[in-house]
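Here the structure comes first, spelled out in structure tokens, and everything after it is commentary.
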Amino acid sequence: MNCELLNKNYALLPESYLFSEIARKIAAFQEKHPEREIIRLGIGDVTRPLVPAVIEAMHRAVGEMADPATFRGYGPEPGYPFLREAVAAAEYGSRNIDIGPDEIFVSDGSKCDVANIQELFSADCSVAIPDPVYPVYLDSNVMAGRGGRLMPDGRYGKIHYMACGENNGFQPNLPPRGTALIYLCSPNNPTGTVLSRATLEKLVAFALDTGAVILFDAAYADYIRDDRLVHTIYEIPGAKKCAVEFHSFSKSAGFTGVRCAFTVIPREMETLRRMWLRRQSTKFNGVNYIVQRAAEAVYTPAGREQTRDVISGYMRNAGVIREGLRKAGYTVFGGEHAPYIWWRLPDGVKSQAFFDFLLEKCAVVGTPGSGFGPEGEGFFRLTAFGDPAKTREAVSRIAEMPAFPA
Ligand code: MLT
């Protein structure tokens, strides 16, 4: 093969995706130490099974697929009306936000949608991302050639990094004028912190003023415990003219292996909405019927109650981690409205080195903060998605961990 033909932007990326690299390190450690019981609080993957309301809906849908009278082949690319209507009513109508089914696009995951949406924008448009944040926003733009030069400090020359840390209460400043795409994630992965209404109002006003587009990832919105906090960007006046929103059933209903999500592009952004429809109907054939019926069941009264219970269980884990680490003398953030705890490491400790140390000493897996951006250096992420007993065990192993060598 002639390598000149390949997309050279890929050469600018780290060798492997953050969580693939972690999986590789875990496998290598387990092979070397088969006797050690590893506790995995690394990737944010759910551990509780699907709730009964979802399972019953899936069984019913499987039955329909077995009957010639109700069997279905290709579905509508943006999703079946029954699911789009359920989403519009439950996620938006219930908050008095006018989002209709035609503004909702069902997909097989927010990861794919947040990675694919950049295709609709010009190849040279400028991008701002929070730092730290879910790595897919950056990687997908680097693949598309919007990263620019990879600098010695690990930053890409053309990307604007919006630092979100202790200094600014995890609230980003406005990006420079001329920024075209602004990615936001609230509650944030990895810091577990939430963007305030005032921050979002400022960013929406900026986008309306400059013509920028906000790409708002709300994958963890169901973990917000305080109704006064912003659950959807469309609570902010004017956001329907400038913001696309991504939601997922992965973390809210345990669908990481089942795959279902939705993206909202309001009518007020009609050209973009039509372009996304064009893209999806060309490159995607929709989510299967059984899974869409399963997602619909999340919004039934039983589905809501059952998924709420599962989320409460994960949030109890978050409390165990947060309080346990604090008691052990560490500074932690997040974990109050999100299933992630953001752990500030002792001064000078690098997060990659700490990953290896924690695995070696405690057989506990987390995620190095530097994997989420340069501002993540010196931090470490733990997820609350583990089994409760194993989570408690991980916290007590950490409390007894020897000091990191100076
Ligand atoms: C994470 O651990 O950051 C997430 O699980 C990744 C994802 O949702 O794709």
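The values are calculated or read from the model by the stated rules, or taken from the named source; none is laboratory data. Not measured: the values here are computed from a predicted model. Please note: Cβ atoms are built from the backbone with ideal geometry, for glycine as well, and neighbour counts cover all protein chains shown. In case anyone asks, the SASA skips ligands and DNA or RNA and just uses the protein heavy atoms, side chains included. Shrake-Rupley method; radii C 1.70, N 1.55, O 1.52, S 1.80 Å.
Overview of results
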{"item": "Of Val106, Val365, Val62, the one that fluctuates the most in a GNM where the chain has Cα springs shorter than 10 Å", "result": "Val62"}
{"item": "Region 316-392 - convex hull of alpha carbons, volume per residue in Å³", "result": "88 Å³"}
{"item": "Which of Glu91, Glu77, Glu31 is most accessible, then next, and so on - probe 1.4 Å", "result": "Glu31, Glu77, Glu91"}
{"item": "FRET efficiency, Ala198 to Cys3 (Cβ-Cβ, R0 45 Å, nearest 0.05)", "result": "0.35"}
{"item": "Directionally averaged shadow of region 1-117, computed from the convex hull of its alpha-carbon atoms, nm²", "result": "14.2 nm²"}
{"item": "Hypothetical label at Asn167: residues of region 372-392 whose amide nitrogen lies under 12 Å (7 Å Cα-Cβ projection)", "result": "375"}
{"item": "Share of alpha-carbon pairs per 5 Å distance bin for region 51-193, given as whole %", "result": "2, 8, 13, 14, 15, 14, 12, 8, 7, 5, 2, 1, 0"}
{"item": "Where region 262-324 is the region considered: accessible area per residue in Å², 1.4 Å probe", "result": "46 Å²"}
{"item": "Greater than 32 Å apart at Cα, pairs in Lys241/Lys283; Lys8/Lys283; Lys158/Lys327; Lys158/Lys241; Lys251/Lys327; Lys158/Lys202", "result": "Lys158/Lys327"}
{"item": "Region 53-300 - percent of accessible surface contributed by carbon and sulfur, probe 1.4 Å", "result": "53 percent"}
{"item": "Net charge, Leu229 excluded, C-beta distance under 15 Å - Lys, Arg +1, Asp, Glu -1", "result": "-2"}
{"item": "Two-decimal Rg/Rh across region 251-331, once Rg and the Kirkwood Rh are taken from alpha-carbon atoms", "result": "1.17"}
{"item": "Accessible area, probe 1.4 Å, largest first, for residues Lys251, Lys158", "result": "Lys158, Lys251"}
{"item": "Orientation-averaged projected area, Cα convex hull of region 53-300 (nm²)", "result": "13.7 nm²"}
{"item": "Bins of 5 Å from zero: percent of alpha-carbon pairs in region 262-379", "result": "2, 9, 11, 13, 12, 10, 12, 14, 10, 6, 1"}
{"item": "Residue-count net charge about Thr391 - beta-carbon cut-off 12 Å; Lys, Arg +1, Asp, Glu -1", "result": "+3"}
{"item": "Heavy-atom accessible area ranking, 1.4 Å probe, most first, across Phe355, Phe333", "result": "Phe333, Phe355"}
{"item": "Binned Cα-Cα distances of region 208-311, short to long, each 5 Å bin given as a whole percent", "result": "2, 11, 17, 21, 19, 15, 10, 4, 1"}
{"item": "Convex hull volume per residue in cubic angstrom - Cα atoms of region 6-51", "result": "137 Å³"}
